[in-house]
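Following: one structure in structure tokens, then a few remarks.
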Amino acid sequence: MAGFIPGRPGRDAPGLDIAEHKSWQNYVATVLRMTTVLNRQLLVTHQLSLADVQLLEVLDNSAAGSVQMGDLSTALALLPSRLTRQIKRLEVRGLVLRAVSPHDRRCVVATITAMGRTLVGQAMITYAGAVRTHFLGPLTRPQIAAMAGACRQIGDALKGSGGAGTSRP
């Protein structure tokens, strides 16, 4: 059975049968390749990483364009220190502002700027095009629907078990 690197044999995964192991390997390889393609296109075209686009999109889609840093960290499943470094980089570029919350002086909020809104809007066009071309393009409509259902089911189970998207201990 092929491993993650083409042409190199994989190790057996104890507890997984061949079909389960192959399914998991295909999923991980696809996620890694797709993330690489998206990152490359977004960096070349907009000088934004996929993580930057995801952060800006959360801010852009929030009611006032602002989100408390703790809530942002949870939404993006990032450690607070990683989020702070990322926000600082975007702040230097004029895409985000950080300020003490006017409602709770103990909290810091990140706010997307007009320049950030413009750039994330452009980046989302690139993002959608890459997803359509490289991820959805090879699939039929029934395959897309089946994948959406399977991913939703897995995501719901992860939320219930303390997986990604839930608060950390």
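The values are calculated or read from the model by the stated rules, or taken from the named source; none is laboratory data. What you see is a predicted model, and the numbers here were worked out from it, not measured in a lab. Don't worry about glycine lacking a Cβ; one is built from the backbone with ideal geometry, like all the others, and counts go over all protein chains shown.
Filtered by the rule that a residue be in a helix (DSSP H, G or I) and of a type in the set (S, T, N, Q), the stretch 60-118 gives 61, 73, 74, 81, 84, 86, 118.
Got at least one residue in the stretch 156-169 being modelled with pLDDT of 90 or more, exposed (fewer than 13 other Cβ atoms within 10 Å of the Cβ) and out of contact with any Pro (no Cβ under 6 Å at 6 or more places or on another chain)? Explain how you work it out, then say what you get.
First pass over the stretch 156-169, keeping only residues modelled with pLDDT of 90 or more: 156-157.
If we keep only those that are exposed (fewer than 13 other Cβ atoms within 10 Å of the Cβ) too, we end up with 156-157.
Adding the requirement that they be out of contact with any Pro (no Cβ under 6 Å at 6 or more places or on another chain) leaves 156-157.
Within the stretch 156-169, one or more residues are modelled with pLDDT of 90 or more, exposed (fewer than 13 other Cβ atoms within 10 Å of the Cβ) and out of contact with any Pro (no Cβ under 6 Å at 6 or more places or on another chain).
Within the stretch 24-40, does at least one residue satisfy the condition of being modelled with pLDDT of 95 or more, surrounded by 17 or more Cβ atoms within 10 Å (Cβ to Cβ), under 25 Å from residue 74 (Cα atoms) and of a type in the set (A, V, I, L, M, F, W, C)? Checked the stretch 24-40: at least one residue is modelled with pLDDT of 95 or more, surrounded by 17 or more Cβ atoms within 10 Å (Cβ to Cβ), under 25 Å from residue 74 (Cα atoms) and of a type in the set (A, V, I, L, M, F, W, C).
Yes/no matrix, rows are residues, columns are (1) among the aliphatic types (A, V, I, L, M); (2) surrounded by 14 or more Cβ atoms within 10 Å (Cβ to Cβ); (3) over 15 Å from the mean Cα position of the chain (by Cα):
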| site | (1), (2), (3) |
| --- | --- |
| 49 | no, yes, no |
| 75 | yes, yes, no |
| 78 | yes, yes, no |
| 88 | no, no, yes |
| 98 | no, yes, yes |
| 106 | no, no, yes |
| 111 | no, yes, yes |
| 117 | no, yes, yes |
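Can you tell me which residue in the stretch 13-23 is modelled with the highest pLDDT, limited to those that are in a loop (DSSP other than H, G, I, E, B) and loosely packed, with under 11 Cβ neighbours inside 10 Å? Step through it out loud before you land on a result.
Restricting attention to the stretch 13-23, the residues satisfying the condition of being in a loop (DSSP other than H, G, I, E, B) are 13-17.
Now drop any that are not loosely packed, with under 11 Cβ neighbours inside 10 Å, which leaves 14-15, 17.
Details: 14: 78, 15: 81, 17: 85.
Ranking the qualifying residues of the stretch 13-23, first place goes to 17.
Taking first residues from the stretch 36-62 that are small (Gly, Ala, Ser) and partners that are modelled with pLDDT of 95 or more and part of a helix (DSSP H, G or I), the Cβ contacts under 8 Å between residues at least 6 apart in sequence or on separate chains come to 49/39; 49/42; 49/43; 51/86.
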